[in-house]
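Visitor: My structure is below; once you've seen it, I'll send some questions.
Since every read-out is calculated from the coordinates, none of them should be taken as a lab result. In this text, all values refer to a predicted model and were calculated from it rather than measured experimentally. Glycine gets a Cβ as well: all are built from the backbone with ideal geometry, and neighbour counts include every protein chain shown.
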Amino acid sequence: MDLVEIKDFRKSYRLGIEHGMKTVEAVKSISLSVPEGALYGFIGPNGAGKTTTIKTLMGLLRPTSGTVKLMGRDPLDPASRVQVGFQPEQPYFYDYLTGMELLMFYGRLSGLRGQELSKRIEESCALCKVDASWLSRRLRTYSKGMSQRLGLAQSVLHKPKLLILDEPMSGLDPMGRRDVRLAMLELHKAGTTIFYSSHVLSDVEEVCTHAAMVVRGTLRVEGLLSDILNDPADPDHRQKLEDILAREVELA
Ligand SMILES: Nc1ncnc2c1ncn2[C@@H]1O[C@H](COP(=O)(O)OP(=O)(O)OP(=O)(O)O)[C@@H](O)[C@H]1O
Ligand SMILES: [Mg+2]
């Protein structure tokens, strides 16, 4: 089963009256599907439409046209999200909460209680390399990397079947990137399907089974990573993908 199905998805934003009510075409045409068991990289440069697509998947925006399905359902249906974990690009955590309070809050929201909640907090923090000593600190004292790791731990507390991460590695140092990559691989090995966005082809290349590349709201390639990366007839294929990311060329 495909846990994410996106078909002919388009999204335009209406700018305010101060901009003459102009529209911005954020996503012009995206179709992709994320099969169960995939580790799926959603690659594109700044402004490509990745966050717009992910927000639509999470029911935070509505498509202008096309269909978007999460776990086989309309994202507006709360049942679509029960088995989904989500880490947004810019989480707005209440920064007067401590790390522990935040994890307790999100854990309870997903129905975890008592011993089970404590156990899942411990396991998720170990997986995401959240140091136990951070948990008594208020979030406003966290560095970017600490917040990213806590956000990731939050997203896996309830053992979601599908994990959606909007740039889980942004703002992390090389160690942090490696830790997030290892956490994703471990989750994937344990059976979690993962859909995550990134700017960097090499990040996706190392770990993913599937990928899609989107530039200026338009899908360029999609499918199994091995099919996307290799073109036996073209030794420069890999470089061309990099150039597409740098918005320099189009694929023939
Ligand atoms: N609320 C909004 N109102 C108007 N335009 C928007 C809005 N949100 C996004 N956009 C525009 O939509 C386009 C796609 O933005 P989006 O945030 O989806 O890209 P992205 O691929 O996530 O980029 P990044 O890598 O920088 O996070 C951009 O041109 C952006 O300016
Ligand atoms: Mg984004």
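Visitor: Can you pull out the residues in region 186-223 that are out of contact with any Leu (no Cβ under 8 Å at 6 or more places or on another chain) and of a type in the set (A, V, I, L, M, F, W, C)?
Guide: 190, 200, 214
Visitor: Going by what's in this entry, would residue 112 be described as touching a residue at least 24 places away in the same chain (Cβ under 8 Å), over 20 Å from the mean Cα position of the chain (by Cα) and either buried (at least 18 other Cβ atoms within 10 Å of the Cβ) or closer than 20 Å to residue 55 by Cα (or both)?
Guide: It is true that residue 112 is touching a residue at least 24 places away in the same chain (Cβ under 8 Å), over 20 Å from the mean Cα position of the chain (by Cα) and either buried (at least 18 other Cβ atoms within 10 Å of the Cβ) or closer than 20 Å to residue 55 by Cα (or both).
Visitor: Of everything in region 165-211 that's within 13 Å of ligand 1 (Cβ to nearest atom) and aliphatic (A, V, I, L, M), which residue is nearest to the chain's Cα centre (by Cα)?
Guide: 165
Visitor: Of all residues in region 163-204 being buried (at least 18 other Cβ atoms within 10 Å of the Cβ) and of a type in the set (Val, Ile, Thr), which is nearest to residue 129 (Cα to Cα)?
Guide: Top of the filtered list is 180.
Visitor: Related question: For region 133-150, how many residues are assigned to a loop (DSSP other than H, G, I, E, B), in contact with a strand residue (DSSP E or B) (Cβ under 7 Å, 6 or more places away or on another chain) and not hydrophobic (A, V, I, L, M, F, W, C)?
Guide: Count: 2.
Visitor: Strands (runs of 3 or more DSSP E) wholly in region 1-100 with at least 3 residues that are more than 16 Å from ligand 2 (Cβ to nearest atom) and surrounded by 15 or more Cβ atoms within 10 Å (Cβ to Cβ) - which ones?
Guide: The qualifying strands (runs of 3 or more DSSP E) are 2-14, 23-35, 65-70.
Visitor: Go through region 41-50 and count every residue that is closer than 15 Å to residue 68 by Cβ and touching a helix residue (DSSP H, G or I) at 6+ places or on another chain (Cβ under 9 Å).
Guide: Qualifying residue count, region 41-50: 1.
Visitor: Only residues that are of a type outside the set (D, E, K, R), assigned to a loop (DSSP other than H, G, I, E, B) and closer than 26 Å to residue 47 by Cα: list them for region 151-168, please.
Guide: 168
Visitor: List every residue pair whose Cβ atoms sit under 9 Å apart, with the two residues 6 or more apart in sequence or on different chains, where the first one lies in region 119-132 and is assigned to a helix (DSSP H, G or I) and the second, anywhere, is among the β-branched types (Val, Ile, Thr).
Guide: 120/156; 123/156; 124/130; 124/156; 127/156
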